[in-house]
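Participant: Below are the structure tokens for one structure; questions will follow.
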Amino acid sequence: MRILHVVPSFYPAFYHGGPIYSLYHLCNALVKSGIELKVLTTDMCGRDHLQIREFPLYAPLGYPIYFFRRRFFVSVAPGLLGYLLKMVRWADVVHLTAVYSFPTIPTLLMCRLLSKPIVWSPRGSLERWDGSRRLLVKRIWEWICRHVMPQRTFLHVTSEEEAKASETCFKKIPTRIVPNGVDIPAEVKHTNGNGTLRLLYLSRLDPKKGLENLLQACQLLNQNKPLKWTLKIAGFGEPSYVRKIEALLKESNFGNQVEMVGKVEGDEKEKWFQDTDVFIFPSHTENFGVVVAESLAHGIPVIVSRGTPWKRVEEKDCGLWVENHPESLAQAIEKISKMPLRQMGSRGRQWMQEEFSWDQQAKKMSHVYFEINKNGN
């Protein structure tokens with residue numbers, strides 16, 4: 001089967017975080033399973049451009065990635081349109097990622113004109129929270145999408161929670177749930193904190209992630225009980241927001257308890273996992289949160305907010321699922337400090353091995369492709 005992925009940014013544009021990581025590894029797993037695959041994308045990497053010298057660029061597993069130069073705004077790449085017709089004709093199924101981006105409406109329209117089925121991954125962009133912006137513009141965009149999409153359209157979501165949010169915007173479109181996968185390290189190592197609870201936040205620095213609530217929770221920890229703790233904040237974001245967080249840290253007088261370590265990847269990321277007792281993720285809303293799965297795969301118990309689809313961490317006894325209010329987060333940190341962290345981490349790692357390998361997710365996604373393609377025959 002021939003699958004065309006259309007996405008506003010792609011590997012190695014890891015500036016955009018979890019979705020890029022997830023899609024890249026999904027494509028790799030699909031190719032390993034025998035799917036013939038091409039990627040149509042732009043060179044967007046935040047405000048910068050990827051430095052791509054080949055066209056197409058071939059991924060390590062041999063599939064072609066067609067990068068087109070972003071000319072203006074976030075992801076507007078006029079050159080992409082010139083290839084879209086040929087690429088959609090080639091494909092048996094088109095897999096579109098993202099909603100409010102330049103390639104979305106042209107891809108939906110082209111699939112409709114050529115009667116091609118499309119699997120559409122919103123990647124959490126249809127979920128709303130109190131800080132959601134430009135709602136009127138988004139509703140207009142969604143209205144256009146509803147009127148140009150092909151008859152054979154599936155929404156691909158990664159959780160039940162995302163399915164509910166997506167169905168609110170696109171009520172008559174069938175949804176299929178395929179979670180993201182995670183790389184499972186062959187072995188994990190952990191250092192000793194010598195009586196200090198070592199917390200890690202590792203994600204983009206963005207208002208949606210609830211980091212300000214976490215810092216308020218840390219202030220409460222210092223007021224309430226003499227728990228020994230540290231927090232490492234790993235990640236990057238818009239400079240204005242990073243400056244805001246830095247200012248909050250100065251006002252809070254945490255001293256050496258809280259440290260911003262910037263962007264971490266590869267071996268450096270592995271080191272932070274080794275030196276962590278609990279991963280904490282206080283996001284207001286999240287369609288999946290691949291870094292939660294990564295932490296569990298490394299044998300680290302987690303504290304995750306109820307804005308994330310990780311309710312089962314409590315069922316699997318490998319973490320806490322709590323409100324992301326400062327008080328709730330502070331209570332959760334105090335509670336987990338008294339729990340058997342290594343045993344919890346082992347249970348989380350086993351769960352990831354059993355249900356979240358990339359091979360398993362590639363099989364599920366292949367079934368979705370075959371189902372929607374069969375419906376038109």
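Participant: Rounding to the nearest 20 debye, state how big the charge dipole of the chain is about its Cα centre with +1 on each Lys and Arg Cβ and -1 on each Asp and Glu Cβ.
Facilitator: Numbers: 50 positive and 38 negative charges, 237 e Å.
Dipole about the Cα centre, nearest 20: 1140 debye.
Participant: Students often forget the sequence filter, so: which aspartates and glutamates lie under 15 Å Cα-Cα from residue 338 once same-chain residues fewer than 8 apart are removed?
Facilitator: 277, 317
Participant: Using DSSP to call loops (not H, G, I, E or B), can you name the chymotrypsin sites (Phe, Trp or Tyr not before Pro) in segment 84-150 whose Cβ has at most 14 other Cβ atoms within 10 angstrom?
Facilitator: 129
Participant: Could you compute the net charge surrounding residue 77? Neighbours are other residues with a C-beta less than 9 Å from the C-beta of residue 77; K and R count +1, D and E count -1. The partial results should precede the final answer.
Facilitator: On the way: positive: 69, 70, 71; negative: 43.
Net charge in that neighbourhood comes out at +2.
Participant: Putting +1 on Lys and Arg Cβ atoms and -1 on Asp and Glu Cβ atoms, find which of 118, 336, 237 reaches farthest to the positive end of the dipole of the chain.
Facilitator: Of 118, 336, 237, it is 118.
Participant: Let me ask you something else. Counting each DSSP H run of 4 or more residues in the chain as -39500 (n - 2.57), what helix-only mean residue ellipticity at 222 nm follows after dividing by all residues, to the nearest 500 deg cm²/dmol?
Facilitator: -12500 deg cm²/dmol
Participant: Which whole number in µm²/s is D for segment 291-334 by Stokes-Einstein, with the Kirkwood Rh taken over Cα pairs at 10 °C and 1.306 mPa s?
Facilitator: 151
Participant: Using a Förster radius of 22 Å, what is the FRET efficiency between residue 346 and residue 194 based on their Cβ-Cβ separation? Nearest 0.05, please.
Facilitator: Values: r = 21 Å, r/R0 = 0.96.
With a Förster radius of 22 Å, E is 0.55.
Participant: Still on this structure, please answer the following. How big is the shadow of the Cα convex hull of segment 261-361, averaged over all directions, in nm²?
Facilitator: 6.7
Participant: If the only charges are +1 at each Lys and Arg Cβ and -1 at each Asp and Glu Cβ, what is the size of the charge dipole of segment 197-355 around the Cα centre, to the nearest 20 debye?
Facilitator: Computed about the Cα centre, the dipole is about 280 debye.
Participant: Now a separate question. Residues with amide H under 5 Å of residue 96's amide H, sequence separation 5 or more or different chain, H placed in the peptide plane at 1.01 Å from N; which?
Facilitator: Close amide H contacts, sequence-distant or interchain: 6, 119, 120, 121.
Participant: In addition: Identify, among 300, 185, 144, the residue whose Cα sits farthest towards the positive end of the charge dipole of the chain, taking +1 on the Cβ of Lys and Arg and -1 on the Cβ of Asp and Glu, with the dipole about the Cα centre.
Facilitator: Projecting each Cα onto the dipole axis, the largest value belongs to 144.
Participant: Can you tell me the alpha carbon radius of gyration of segment 198-305 divided by the globular rule-of-thumb value 2.2 N^0.38 Å?
Facilitator: Cα Rg divided by the expected 2.2 N^0.38 Å: 1.02.
Participant: Moving on. For the cross-link pairs 38/364; 138/250; 116/208, which exceed 31 Å when the distance is taken from alpha carbon to alpha carbon?
Facilitator: 138/250; 116/208
Participant: Net charge within 9 Å of residue 276 by Cβ-Cβ distance, Lys/Arg positive one each and Asp/Glu negative one each, not counting residue 276 itself?
Facilitator: Residues close to residue 276 contribute a combined charge of 0.
Coordinate-derived values only; no laboratory data. Note that this is a predicted model, so its numbers are computed, not measured. Positions of Cβ are backbone-derived with ideal geometry, glycine not excepted, and every protein chain shown enters the neighbour counts.
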